[in-house]
Structure formats: C-alpha cells, structure tokens
1. Of the residues I156, I114, which single one is closer than 22 Å to I7 by Cβ and more than 16 Å from the ligand (Cβ to nearest atom)?
2. Within the range 99-115, can you find the residues that are surrounded by fewer than 17 Cβ atoms within 10 Å (Cβ to Cβ) and part of a loop (DSSP other than H, G, I, E, B)?
3. Considering every residue within the range 125-143, establish whether at least one is outside any loop (DSSP other than H, G, I, E, B), within 16 Å of the ligand (Cβ to nearest atom) and in contact (Cβ under 8 Å) with a residue 24 or more places away in the chain.
4. For the range 24-35, indicate whether the set of residues that are within 13 Å of the ligand (Cβ to nearest atom), touching a residue at least 60 places away in the same chain (Cβ under 8 Å) and outside the structural domain of D252 (by TED's automatic domain parsing) is non-empty.
5. Counting just the residues of the range 159-172 that are at pLDDT below 95 and surrounded by 20 or more Cβ atoms within 10 Å (Cβ to Cβ), which one comes out nearest to F141 (Cα to Cα)?
6. Which ones in the range 150-164 are among the hydroxyl-bearing types (S, T, Y) and over 14 Å from A124 (Cα atoms)?
7. Taking the condition in contact (Cβ under 8 Å) with a residue 60 or more places away in the chain, more than 16 Å from the ligand (Cβ to nearest atom) and basic (K, R), does K40 pass?
8. Restricting attention to the range 92-108, does a residue exist that is more than 16 Å from the ligand (Cβ to nearest atom), without any contact (Cβ under 8 Å) to a residue 12 or more places away in the chain and of a type in the set (S, T, N, Q)?
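The values are calculated or read from the model by the stated rules, or taken from the named source; none is laboratory data. Predicted model, so just to flag it, every value in this text is computed and none were measured. So basically every Cβ, Gly included, is an ideal-geometry build from the backbone, and we count neighbours across all protein chains shown.
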Amino acid sequence: MLLFSQIHGQQRQLEALRRAIDSGKLANAYLFSGPAGVGKATTALAFAAALNCEQAPGRGCGACGPCEKLAGGHHPDLLTLVAEKQFIVVDQVRALEQRLAFPPHEARYRLVLIDGADRLNPSAANALLKAVEEPRPGTLFVLVSAVVHRVMPTLISRCQRLHFAPLPREAVESALERALPDHDPERRAVAASVCEGSPGRAFGLLEGDGLAAAQATLDQLMSAASGSRAADIFAAAQEAGRDKAHIAQVLDLLRIRLRDLLLAQAGLEGRLAGSSQADKVAERARALGLPRIRSQLRAVQEAEEALFGNVNASLLLENLALRLREEGLR
Ligand SMILES: [Zn+2]
C-alpha cells in the first residue's frame with residue numbers, strides 16, 4: 001500500500017500533504033502523531049512516492065521506477081530509523097548524518113522516516129535536532145509517534161505536526177471488508193469494534209486468527225485470576241508466552257472489556273463492543289463499581305505502555321492479573 005488513495009480515512013491529513021507538494025511549500029520536518037495502526041508510517045511512504053513519482057507527481061502512481069523501489073523497500077533515498085533495541089541511540093543518528101552529508105542518490109526528495117520518534121534517547125534526539133533544523137535541500141524528515149508526550153519538545157517544535165485520528169468503527173469495518181472479503185463477517189465486526197479505530201490493529205487481530213488466540217489467553221487468565229490459587233495465575237501467564245504482539249492483543253481485549261463496563265455504567269449499552277451481552281455487562285459493571293473499573297483500566301493502560309519496553313511479557317501479565325484479582329474481578 002503506497003498511494004494516498006489507498007490509505008483508509010485521514011482525508012484532512014492527506015489533503016494537507018497534497019497541498020504542500022502542489023504549492024511547493026514543504027516543511028523541513030513533519031511529525032505524524034496518533035495511535036498505532038492508523039496509517040502514519042504508511043502515509044510517510046505514500047508521501048515519499050507522491051514527492052518522487054515520475055508518472056503522477058504529487059499523487060504517486062505505484063508503477064514507475066521510484067514508486068516501485070519505494071514499495072519494494074529498496075529505494076536508496078528512503079532512510080529509515082527505528083529502535084534496534086529499546087531506544088534509537090546516538091550512533092544510529094551519527095550514521096544517518098554521514099549519509100545525509102552526501103546528496104541524494106537519485107531522488108528529487110530524500111525522505112528520512114523516524115518510526116517511533118518517542119524512542120529516541122535524549123542524546124540521539126539532541127543529535128537529530130541540528131539535522132532537522134538545517135537539512136540539505138531536498139531532504140525531508142518525517143517523525144512518527146504514537147506517544148508524542150515522550151518526544152523531546154524541542155524536536156516537536158521543529159516539526160509541522162499532523163495528527164492522525166482513530167477511524168470510526170464503520171470505516172474500519174468497510175476497510176476490512178474491502179481488504180479481506182473472504183473473512184468471516186462476524187469476526188471482521190468484532191475486530192473492527194475492539195481495534196479502537198486502528199485498521200492496523202484490526203488487521204493484526206484477524207491475521208493468523210490472532211483474535212481467537214488472544215481471547216483464549218484472556219479467558220484462561222481471567223478464570224485463573226478469579227480463582228483462589230495464585231499458582232494458577234502464574235501458570236496461565238507462563239502459558240501466554242513472551243510474544244509481545246500476542247500479549248498486546250490480550251491487553252487490547254481486556255481494555256475493551258473494561259471500557260464496556262464503563263459504557264454500561266454510563267448507560268451507553270448501545271456502544272458496547274460485545275453488544276450481544278449487554279445485560280451481563282451491566283450487571284458486572286454494577287457489581288464492580290466505577291472507582292474499581294477506572295483503576296483496573298489504568299492498570300491495563302500502564303501494562304500496555306510498559307509492554308514494549310524492556311520487560312518480560314509473561315511477568316507483566318502475571319502482575320496485572322494479580323493486581324486485578326486484588327481489586328476484585330467480575
Ligand atoms: Zn510513480
């Protein structure tokens with residue numbers, strides 16, 4: 001997926017980029033913010049194609065030399081910086097600077113994509129500042145982040161910011177229908193409602209039936225956590241394994257489950273993800289009470305933030321389940 005026209009939603013953001021290309025008023029650096037899986041990095045690639053396309057300048061054709069190289073991930077003037085371990089470190093920025101000292105190989109516009117700008121550690125972010133401030137002509141930076149409050153403020157201030165919002169549930173559902181027409185419609189609907197407006201997350205849930213596996217892990221964990229034996233929680237968390245993508249989906253489902261309790265508390269049963277069980281959800285919400293629902297939701301969000309740091313995923317799940325058990329499960 002490489003063209004502006006293939007990106008789901010985000011019309012205002014795409015229009016801003018098209019206008020910038022058409023008018024020649026390009027910023028040195030852009031910051032694409034917004035939740036994971038809503039198309040930020042994909043848009044950065046489409047932006048590079050639109051900037052360099054030979055057939056449809058400003059739009060991208062998907063078929064000319066530059067478009068093909070970008071789609072295949074081997075364009076020499078698309079430079080990508082991502083965290084190799086926990087952080088993007090200063091050595092990576094220095095290596096980038098060395099490449100930027102030379103003119104682009106062949107592109108009209110060289111694009112530097114920093115995917116996960118919140119993971120630049122302070123010295124890397126400082127080293128990057130100067131490059132972003134005074135880029136060589138024809139070099140553009142696109143910083144992408146789902147956690148903007150962790151991006152260094154001086155770096156943010158050098159960027160033109162575009163915020164990518166979550167998509168409405170119906171928009172995700174129709175995106176899934178277009179992309180996966182043979183998939184079970186009911187599963188598509190569930191994925192669309194639990195993905196929080198993120199088509200990327202929804203695709204992740206449907207691929208390889210991750211949704212069913214995540215649901216099974218969650219059921220097992222919740223049943224262990226509502227029992228009396230801590231050893232059962234330990235066993236369930238161990239069995240969940242250390243695959244962080246899988247654990248992230250389990251946390252997704254748990255967060256949705258708690259969010260449904262909040263909605264039920266507020267009398268908004270019509271908006272539940274699991275709308276077929278509205279009565280049960282309302283009953284659980286009453287039994288648990290608002291303060292505990294909020295506190296559990298916070299615990300899940302904290303676990304989600306910690307997950308992609310340097311933690312043992314099954315230990316994280318175990319601690320979370322123990323905490324939920326302490327507060328009382330319903
Ligand atoms: Zn093209």
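1. So the residue among I156, I114 that is closer than 22 Å to I7 by Cβ and more than 16 Å from the ligand (Cβ to nearest atom) is I114.
2. A101, F102, P103, H105, E106, R108
3. First pass over the range 125-143, keeping only residues outside any loop (DSSP other than H, G, I, E, B): 125-133, 139-143.
If we keep only those that are within 16 Å of the ligand (Cβ to nearest atom) as well, we get none.
Within the range 125-143 (the criterion being outside any loop (DSSP other than H, G, I, E, B), within 16 Å of the ligand (Cβ to nearest atom) and in contact (Cβ under 8 Å) with a residue 24 or more places away in the chain), the answer is no, since none of the residues qualifies.
4. Looking for residues that are within 13 Å of the ligand (Cβ to nearest atom), touching a residue at least 60 places away in the same chain (Cβ under 8 Å) and outside the structural domain of D252 (by TED's automatic domain parsing), one finds none in the range 24-35, hence no.
5. Of the range 159-172, the ones at pLDDT below 95 are 165-172.
From the residues that got through so far, the ones that are surrounded by 20 or more Cβ atoms within 10 Å (Cβ to Cβ) too are 167, 172.
On the way: L167: 25, V172: 29 Å.
Residue satisfying both the conditions and the ranking: L167.
6. S157
7. Yes.
8. Scanning the range 92-108, I find at least one residue that is more than 16 Å from the ligand (Cβ to nearest atom), without any contact (Cβ under 8 Å) to a residue 12 or more places away in the chain and of a type in the set (S, T, N, Q), so the answer is yes.
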